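Worksheet: the structure to be examined is printed underneath.
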């Protein structure tokens, strides 16, 4: 029996195929390649083999993507992150009309339990989403600290760097503890 052409391409192709299906799929492709190589030229059989592999990769990638859990987790985390932004904006607007100063610890104190609740419900909807939300918060706060020209005091930026992600992680831990108790 002839070996199918392009062993490196065959090996790469097997990385897209689920483990349980690899051997039968590659075996079927090799058998068909052998049959075609005996009835037509080996170059025609090689072109057929190459077309089969190249045509199979996009559907295999799509199947892997739709079975993966990370797109849903990221989606819930982004929605939760947006909800935190809306809550924080509303708190800042409400406090701006009061006598509170702009860089006051009061918004941090108010936003902490709100972020814990948002993290709790995000984690309840999709496991690990509150952790992803906390990571997104860390990245966003780091980017704003490094590249923003805002003159916020260092203590204020450091507090947001700790409080927001800590609240998200606390919401995740609270949900996990609550689900274990049930």
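The values are calculated or read from the model by the stated rules, or taken from the named source; none is laboratory data. Please read all numbers here as calculations on a predicted model, not as lab measurements. Neighbour counts are summed over all protein chains in view; Cβ atoms, including those assigned to glycine, are modelled from backbone coordinates with ideal geometry.
Consider the stretch 1-38 and keep the residues that are farther than 18 Å from residue 57 by Cβ and outside any helix (DSSP H, G or I). The one that is nearest to the chain's Cα centre (by Cα) is 3.
Checking residue 72 against (1) over 18 Å from the mean Cα position of the chain (by Cα); (2) surrounded by fewer than 16 Cβ atoms within 10 Å (Cβ to Cβ); (3) modelled with pLDDT of 85 or more, only one condition comes out false. Which one? Status for residue 72: all satisfied but (1).
Which residue out of 63, 77 is under 30 Å from residue 124 (Cα atoms), part of a helix (DSSP H, G or I) and modelled with pLDDT of 90 or more? Every option except 77 fails the conditions.
Per-residue answers, yes or no, for (1) more than 18 Å from residue 113 (Cβ to Cβ); (2) in contact with a helix residue (DSSP H, G or I) (Cβ under 9 Å, 6 or more places away or on another chain); (3) surrounded by fewer than 16 Cβ atoms within 10 Å (Cβ to Cβ):
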residue: 126; (1), (2), (3): yes, yes, no
residue: 141; (1), (2), (3): yes, yes, no
residue: 144; (1), (2), (3): yes, yes, yes
residue: 147; (1), (2), (3): yes, no, yes
residue: 152; (1), (2), (3): yes, yes, yes
residue: 156; (1), (2), (3): yes, yes, no
residue: 163; (1), (2), (3): no, yes, no
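Does residue 156 satisfy being assigned to a helix (DSSP H, G or I), in contact (Cβ under 8 Å) with a residue 24 or more places away in the chain, over 30 Å from residue 180 (Cβ atoms) and in the same structural domain as residue 177 (by TED's automatic domain parsing)? The answer is yes for residue 156.
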